[in-house]
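Below are the structure tokens for one structure; questions will follow.
The values are calculated or read from the model by the stated rules, or taken from the named source; none is laboratory data. As the structure is a prediction and not an experimental result, all values here were calculated from the model. Cβ atoms come from the backbone with ideal geometry, glycine included; neighbour counts cover every protein chain shown.
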Amino acid sequence: AQSVTQPDIHITVSEGASLELRCNYSYGATPYLFWYVQSPGQGLQLLLKYFSGDTLVQGIKGFEAEFKRSQSSFNLRKPSVHWSDAAEYFCAVGGANNDMRFGAGTRLTVKP
Amino acid sequence: KAGVTQTPRYLIKTRGQQVTLSCSPISGHRSVSWYQQTPGQGLQFLFEYFSETQRNKGNFPGRFSGRQFSNSRSEMNVSTLELGDSALYLCASSLAGISNQPQHFGDGTRLSIL
């Protein structure tokens, strides 16, 4: 079965600074990859997904992610963080068996 | 169109009781999945229903069960509640699956066990 690791539990960045959240996965085939964001008291919202094709995918709210097969990674990036980006971010991996695994999440704090 | 609706938003129960949570998916979505979210264990997959059939199940005891109705609405039931069942329960819907399609999440039901 697939698995997901988000190495950073908590990250703090200054508003306007760039952001990169790390995600590593383990899966024997090409996985389906997702990034979701969760604000306090709410459910998860899809930021972007990768199924195949161009390895750099664009999402909502100015986020992008790059699939690197050689590194088994799918890191999320944003060039300039806004205070409203403070939330918890989850990387998720789907496999051919209709299974879905979420990472433990990375909590993002944005300093003014 | 309307998003995924979960009711109730908050629930307080005592040990030994049972509880039923409800989820109304986005119109046209036939797959409904349930997740348990806790600070210690994170997001854990409970089960997925598609066309009224449980298609996939996570590693939870039999006290956790669910069903899906012909209109795709789903309910989740937990019997003989334990303190460790305190969690945010999230429901998600998608067109036809969970691993290769985006899921749309509700805001969850926060269950507290006293």
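Quick one: is A:LEU76 assigned to a strand (DSSP E or B), at the interface with chain B (Cβ under 10 Å from one of its Cβ atoms), out of contact with any Pro (no Cβ under 7 Å at 6 or more places or on another chain) and at pLDDT 95 or above? Quick ask: steps written out before the conclusion?
On the way: assigned to a strand (DSSP E or B): yes; at the interface with chain B (Cβ under 10 Å from one of its Cβ atoms): no; out of contact with any Pro (no Cβ under 7 Å at 6 or more places or on another chain): yes; at pLDDT 95 or above: yes.
So A:LEU76 fails the test.
Which one is nearest to the chain's Cα centre (by Cα), of the residues in the stretch A:50-69 that are part of a strand (DSSP E or B) and buried (at least 19 other Cβ atoms within 10 Å of the Cβ)? Lay out the reasoning, then the answer.
Of all residues in the stretch A:50-69, those part of a strand (DSSP E or B) come to A:50, A:56-58, A:64-68.
Okay, now just the ones that are also buried (at least 19 other Cβ atoms within 10 Å of the Cβ), so A:50, A:57, A:65, A:67.
Working: A:TYR50: 11, A:VAL57: 11, A:ALA65: 7, A:PHE67: 11 Å.
Applying the filter and picking the extreme gives A:ALA65.
Listed residues B:ARG55, B:ARG110, B:ARG73; which is over 25 Å from A:LEU48 (Cβ atoms), surrounded by 14 or more Cβ atoms within 10 Å (Cβ to Cβ), touching a residue at least 60 places away in the same chain (Cβ under 8 Å) and of a type in the set (Lys, Arg)?
Within the list B:ARG55, B:ARG110, B:ARG73, the selection yields B:ARG110.
Please find, within the stretch A:1-38, the residue that is surrounded by the fewest Cβ atoms within 10 Å (Cβ to Cβ) out of those that are facing another protein chain (nearest Cβ under 10 Å) and part of a loop (DSSP other than H, G, I, E, B).
A:GLN6
Next question. With a cut-off of at least 2 residues that are within 14 Å of chain A (Cβ to nearest Cβ), of a type outside the set (D, E, K, R) and in contact with an Asp or Glu (Cβ under 8 Å, 6 or more places away or on another chain), name the strands (runs of 3 or more DSSP E) lying wholly within the stretch B:45-114.
The qualifying strands (runs of 3 or more DSSP E) are B:53-57.
Mind checking whether some residue in the stretch A:98-106 is farther than 19 Å from A:PRO7 by Cβ, within 14 Å of another protein chain (Cβ to nearest Cβ) and not in a strand (DSSP E or B)?
Checking the stretch A:98-106: at least one residue is farther than 19 Å from A:PRO7 by Cβ, within 14 Å of another protein chain (Cβ to nearest Cβ) and not in a strand (DSSP E or B).
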